[in-house]
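Here the structure is laid out as structure tokens; the discussion comes afterwards.
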Amino acid sequence: MTTSPLLPNHLGGQWVTGTGAGTPLFDPVLGTELVRVSSAGLDLAAGFDFAREQGGAALRALSYGERAACLGAIVKVLQANRDAYDEIATANCGTTTKDSAVDIDGGIFTLGYYAKQGEALGPAHALLDGERIRMGKDPVFQTQHILSPTRGVALFINAFNFPSWGLWEKAAPALLSGVPVIVKPATATAWLTQRMVKDVIDAGILPPGALSVVCGSSAGLMDQLQPFDVVSFTGSAETARIIRSHPAVAERSVRCNIEADSLNSALLDPTATTDSESFGLLVSEVVREVTVKSGQKCTAIRRVFVPRALFDAVAQAIGAKLAKTTVGNPRNEAVRMGALVSQEQKASVIEGIAKLRTEAEVLFDGGSAALVDADASSACVSPVLLGSREPAKAKVLHELEVFGPVATLMAYDSLEQAYELIRRGEGSLVCSVYSTDPAFIAAAALELGSAHGRVHAISPDVATSHSGHGNVMPMSLHGGPGRAGGGEELGGLRALGFYHRRSAVQASSAALDALAASAVPFKV
Ligand code: NAP
């Protein structure tokens with residue numbers, strides 16, 4: 001029997017194939033084996049040193065403007081190879097062309113955004129944080145806070161659901177900051193990440209050691225981290241706990257950003273009626289969030305809060321739209337929703353729905369409709385809408401993130417109760433609010449802001465221009481407090497902060513003038 005090819009890793013400035021048979025990656029619809037990955041036998045210590053020393057020094061020798069130009073060149077390479085990425089995503093992620101684009105084009109767009117932002121930073125090599133501050137009566141001796149790129153590597157440990165965007169949304173600010181990147185994609189969908197890195201390396205855009213990829217087991221990666229390195233993790237709360245308690249973080253103070261799971265909400269204004277535009281906007285957005293990427297988005301709406309009087313009408317409207325979602329093989333043009341990424345995810349989602357059902361009724365189940373060009377052995381799961389008329393009594397519904405095409409509708413009796421129930425998510429990435437009233441939206445944003453990384457308000461005037469509840473835009477903060485991990489990503493140039501170290505330089509005005517000549521004000 002022939003096995004599929006082993007994808008090489010790029011580490012230490014060279015392509016290295018791991019030892020052993022490797023772990024197979026599958027087509028989640030057809031079940032066929034595609035490629036294999038292995039990180040066994042890699043000299044991680046030498047690879048991290050090479051990135052830290054060679055890659056880091058070469059990147060820091062460039063200015064922000066020059067590094068921004070590298071990002072722009074990466075955009076061109078990725079655009080030129082886009083068709084290949086689409087094919088890999090269809091085969092390995094089971095996504096429709098539209099859903100693959102969320103990942104592929106989302107990544108390219110984010111890179112392009114940082115290329116533009118970075119260009120404006122020009123020839124500088126450091127950032128000035130705020131104004132000079134006098135420290136005494138004599139104005140000659142002052143403090144200037146500066147941000148300088150950290151002299152370490154950025155290790156990215158990524159989740160399976162965004163093999164492209166997950167890489168580039170982190171790599172764009174890191175590379176722009178002058179910090180070399182080592183990415184470890186989630187094994188199930190590592191192929192797309194590996195292929196994109198390969199194309200960028202082959203194009204010779206970045207200095208050796210600036211971008212590395214390790215596919216396969218994560219064993220030993222965290223052990224390599226030293227005090228000036230950073231680690232950015234996206235994935236489950238369980239793995240986040242392991243990362244946080246690793247000696248690199250706990251003892252060596254390696255800076256750590258965590259993006260973990262999240263029970264995001266949608267809230268309908270208590271004054272909405274079945275005829276109001278807000279009602280229709282909420283229904284459309286919930287349907288989109290349940291079905292895009294088969295619900296495998298960390299930002300997807302999981303809990304939908306509506307006034308009790310509208311519970312049945314919202315359930316019916318969402319169910320009617322979900323019933324039109326054709327599920328199956330993404331190669332068939334009639335299919336609107338593809339598969340989950342793996343059999344493991346399918347099992348986890350089915351088990352998760354069963355747990356949610358212990359506290360919720362089934363309002364819609366797409367499972368009775370036939371799959372298109374796919375059979376029951378595929379990793380396809382049809383959309384499900386659950387409901388709870390007594391969400392205050394529920395526990396699991398506010399605790400369990402089911403990472404698939406499922407959301408739970410919940411009735412609320414008062415706004416105070418709705419806010420309280422939303423906060424039972426214990427910190428989420430995003431909450432969307434549906435209302436025609438600017439004053440209500442403003443009050444809701446203030447009420448919900450402290451528990452969410454983002455509050456996304458949809459009113460009729462932005463119905464066609466808003467960016468979507470679940471879409472992560474590079475100019476807005478991505479992250480969330482509490483169980484969402486407590487991390488922060490993106491948010492425009494704010495993202496550069498993670499890859500820089502802040503110092504207070506206390507010196508004479510003349511010395512600070514000299515410093516300012518090679519730096520640029522950090523305006524976010
Ligand atoms: P996961 O199982 O925690 O895996 C995430 C990454 O960690 C993978 O690359 C995995 O590698 C690696 N990993 C596993 N064990 C590790 C260890 N002991 N040490 C170091 N790395 C280790 O999560 P997932 O199932 O891929 O992702 C789904 C979850 O991610 C969901 O809960 C979702 O909400 C969350 N997510 C959050 C965001 C966000 O931005 N907040 C975005 C996307 C997803 P292997 O694949 O090789 O096991």
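The values are calculated or read from the model by the stated rules, or taken from the named source; none is laboratory data. The model shown is predicted, which means the values in this text are computed figures rather than measured ones. All Cβ positions, glycine included, derive from the backbone under ideal geometry; neighbour counts span all protein chains shown. Remember, those area values only see protein heavy atoms, side chains included, never the ligands or the DNA or RNA. Shrake-Rupley method; radii C 1.70, N 1.55, O 1.52, S 1.80 Å.
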Item to check | Residue list for the range 319-348, restricted to those being closer than 30 Å to E489 by Cβ and of a type in the set (A, V, I, L, M, F, W, C) | outcome: M337, A339, L340, V341, A347
Checklist entry - List the pairs whose first member sits in the range 15-40 and is within 15 Å of P185 (Cβ to Cβ) and not assigned by TED's automatic domain parsing to the domain that holds E344, whose second member is among the hydroxyl-bearing types (S, T, Y) and part of a strand (DSSP E or B), and whose Cβ atoms are under 8 Å apart, counting only residues at least 6 apart or on separate chains? => result R36/T23; V37/T23; S38/T23
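Does A463 count as modelled with pLDDT of 95 or more and either touching a helix residue (DSSP H, G or I) at 6+ places or on another chain (Cβ under 9 Å) or farther than 19 Å from A484 by Cβ (or both)? Let's see the steps before the verdict.
Working: modelled with pLDDT of 95 or more: yes; either touching a helix residue (DSSP H, G or I) at 6+ places or on another chain (Cβ under 9 Å) or farther than 19 Å from A484 by Cβ (or both): yes.
In short, yes.
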Checklist outcome for this item: Condition set away from the ligand (no atom under 12 Å from the Cβ), among the acidic types (D, E) and farther than 20 Å from Y499 by Cβ, scope the range 189-234, selection least open to solvent (accessible area, probe 1.4 Å): answer is D199
Item to check | Search result, residues across the range 235-248 that are under 18 Å from G482 (Cα atoms) and either surrounded by 13 or more Cβ atoms within 10 Å (Cβ to Cβ) or near the ligand (Cβ under 10 Å from one of its atoms) (or both) | outcome: G235, S236, A237, E238, T239, A240, R241, I242, I243, R244
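Criterion first (closer than 24 Å to V520 by Cβ, at pLDDT 95 or above and surrounded by fewer than 17 Cβ atoms within 10 Å (Cβ to Cβ)) does A120 satisfy it? Can you show your working first?
Values: closer than 24 Å to V520 by Cβ: yes; at pLDDT 95 or above: yes; surrounded by fewer than 17 Cβ atoms within 10 Å (Cβ to Cβ): yes.
Considered against the rule, which asks whether it is closer than 24 Å to V520 by Cβ, at pLDDT 95 or above and surrounded by fewer than 17 Cβ atoms within 10 Å (Cβ to Cβ), A120 comes out as yes.
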Checklist entry - Here are some residues: R389, R424. Which one is open to solvent by 60 Å² or more (accessible area, probe 1.4 Å), within 22 Å of P270 (Cβ to Cβ) and out of contact with any strand residue (DSSP E or B) (no Cβ under 7 Å at 6 or more places or on another chain)? => result R424
Checklist entry - Checking R67 against (1) buried (at least 18 other Cβ atoms within 10 Å of the Cβ); (2) among the basic types (K, R); (3) more than 23 Å from F228 (Cα to Cα), which single condition isn't satisfied? => result (3)
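Hey, could you check the range 249-277 for residues that are within 11 Å of the ligand (Cβ to nearest atom) and hydrophobic (A, V, I, L, M, F, W, C) and say which is modelled with the lowest pLDDT?
Taking the range 249-277 first, the residues within 11 Å of the ligand (Cβ to nearest atom) are 257-264.
Those left that are additionally hydrophobic (A, V, I, L, M, F, W, C): 258, 260, 263.
Details: I258: 98, A260: 94, L263: 97.
The extreme case among them is A260.
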Item to check | Test set (1) open to solvent by 10 Å² or more (accessible area, probe 1.4 Å); (2) near the ligand (Cβ under 10 Å from one of its atoms) - H145 fails condition number | outcome: (2)
Item to check | Boolean, T90 is within 23 Å of the chain's Cα centre (by Cα), at negative phi and part of a loop (DSSP other than H, G, I, E, B) | outcome: no
Item to check | Filter result for the condition that a residue is within 16 Å of the ligand (Cβ to nearest atom) and surrounded by fewer than 24 Cβ atoms within 10 Å (Cβ to Cβ), over A186, A174 | outcome: A186
